[in-house]
1. Tell me, which residue of the range B:46-77 that is among the aliphatic types (A, V, I, L, M) and free of Cβ contacts under 8 Å to residues at least 12 places away in the same chain is most open to solvent (accessible area, probe 1.4 Å)?
2. Filtering the range A:99-127 down to residues that are more than 12 Å from ligand 1 (Cβ to nearest atom) and over 17 Å from A:ASP83 (Cα atoms), which residue is surrounded by the most Cβ atoms within 10 Å (Cβ to Cβ)?
3. Could you list, in sequence order, the residues of the range A:155-176 that are acidic (Asp, Glu) and either within 16 Å of ligand 1 (Cβ to nearest atom) or part of a loop (DSSP other than H, G, I, E, B) (or both)?
4. Can you tell which of B:LEU69, B:LEU28 is modelled with pLDDT under 95, closer than 18 Å to A:GLN20 by Cα and touching a helix residue (DSSP H, G or I) at 6+ places or on another chain (Cβ under 6 Å)?
5. For the range A:177-199, how many residues meet the condition of being assigned to a loop (DSSP other than H, G, I, E, B), surrounded by fewer than 22 Cβ atoms within 10 Å (Cβ to Cβ) and more than 10 Å from every other protein chain (Cβ to nearest Cβ)?
6. If I ask for residues that are within 13 Å of ligand 2 (Cβ to nearest atom) and facing another protein chain (nearest Cβ under 10 Å), which ones from the range A:22-53 would you list?
7. Kindly state which helices (runs of 4 or more DSSP H) lie completely within the range B:38-121 and contain at least 3 residues that are facing chain A (nearest Cβ under 7 Å), within 17 Å of the chain's Cα centre (by Cα) and among the hydrophobic types (A, V, I, L, M, F, W, C).
8. With within 16 Å of ligand 1 (Cβ to nearest atom), more than 17 Å from A:ASP26 (Cβ to Cβ) and within 12 Å of chain B (Cβ to nearest Cβ) as the only criterion, which of A:VAL139, A:VAL80 stands out?
Amino acid sequence: MASAPSNTTPSAGAPGAVHQPDTARDLVKILVAGPFGVGKTTLIDSVSEIRPLHTEEHLSEASAEVDDLAGVREKSTTTVAIDFGRISLPGDVVLYLFGTPGQERFRALWDDIAYGALGALVLVDSRRLDASFDVLGLVEESGLPYAVALNTFPDAPRHHGAERLRQALDLEPGTPMVTCDARDPDSSIDALLALVDHLIGRDPVEAR
Amino acid sequence: MTRRPAGRPLVPAYLSTGGVARPSRPHLERLSVLARSEEPLPGGLPAAELALLDTLEGGSLAVVEAAALLRLPVSAVRVLAADLVDRDLVLARAPIPPAARFDPDLLKRVADGLRALKHHP
Ligand SMILES: Nc1nc2c(ncn2[C@@H]2O[C@H](COP(=O)(O)OP(=O)(O)O)[C@@H](O)[C@H]2O)c(=O)[nH]1
Ligand SMILES: [Mg+2]
């Protein structure tokens, strides 16, 4: 048995603020996906009831269980911080938002986080559309329903018409695309609603 | 592992299971909810498991929340929690099964709930 530190009090965050009330509630999750710097943490922060927390995940063992854990020491341990936030909704549902980077090398981690998710809100910075191609590819391959939220940065080109953007992103006609200011809670909620309303409107046979 | 740079995990991931590979029987998801059971604690539990039990003293936590508080990867907390569930020291409640997540009633509760949160509806 390795000698672990005896101080077991987490130094980050006040645990009391994180614990769940004892009523049984339905926990659901949505991925907030997009490239670095697109506004994932900002969006989660703007709507979360807890200060956003994060977990440090090892890329090499993202979907692995114990067998690989024992070997982590030997591997190069690339870690990535995955932010998450929580919104307790009236009606005994708790919605978790996971800020998920969308690069191919995150795939195993992506699959693990995406398992059982309602869908993904894909954030796109209209100044650099191509930075979102990887994440769109991952979402589509994982079969997650999604909506696109264009984050409005001040120096974003205004001349992009919605149709041109949809074409550039190669979106299906039914995929919702909204604009969003991730710093504004109402705007962030509207973007999440675009996704959830899309889920409600889908043909039940599509839903798997 | 003699030093711990500031901000790093209290228990390194590879030590947190005691270096012992055990199959985790209950499959715990990120959103499985963990709660302390009524069972008295036996002696000799690994420090990392005690740390997890400690975080549950304040109430229940989703696996991912416990991982964030303990500064451990979710995969490590899964292993620790699975062992504690096996020992009846922790109760785990599974999230809604993936097949039920597009239930129209559930989706409507999510949408209505989100609308209710808006400041300027
Ligand atoms: N103007 C504007 N700035 C934003 C928006 N969303 C994020 N930002 C800024 O963009 C930067 C990166 O955002 P962050 O949330 O850290 O991106 P992440 O890497 O995807 O988590 C921060 O300085 C934010 O304040 C937005 O909707 N509008
Ligand atoms: Mg971030």
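The values are calculated or read from the model by the stated rules, or taken from the named source; none is laboratory data. If you're wondering where the values come from, they're calculated on a predicted model, not measured in any experiment. Neighbour counts are summed over all protein chains in view; Cβ atoms, including those assigned to glycine, are modelled from backbone coordinates with ideal geometry. These accessible areas exclude ligands, DNA and RNA; they are computed on the full protein's heavy atoms, side chains included. Shrake-Rupley method; radii C 1.70, N 1.55, O 1.52, S 1.80 Å.
1. B:LEU50
2. A:LEU118
3. If the condition is that a residue be acidic (Asp, Glu) and either within 16 Å of ligand 1 (Cβ to nearest atom) or part of a loop (DSSP other than H, G, I, E, B) (or both), then A:ASP155, A:ASP170, A:GLU172 are the ones that fit.
4. The conditions single out B:LEU28.
5. 2
6. Correct list: A:PRO52, A:LEU53.
7. In the range B:38-121, the matching helices (runs of 4 or more DSSP H) lie at B:47-55, B:63-70, B:74-86.
8. So the residue among A:VAL139, A:VAL80 that is within 16 Å of ligand 1 (Cβ to nearest atom), more than 17 Å from A:ASP26 (Cβ to Cβ) and within 12 Å of chain B (Cβ to nearest Cβ) is A:VAL80.
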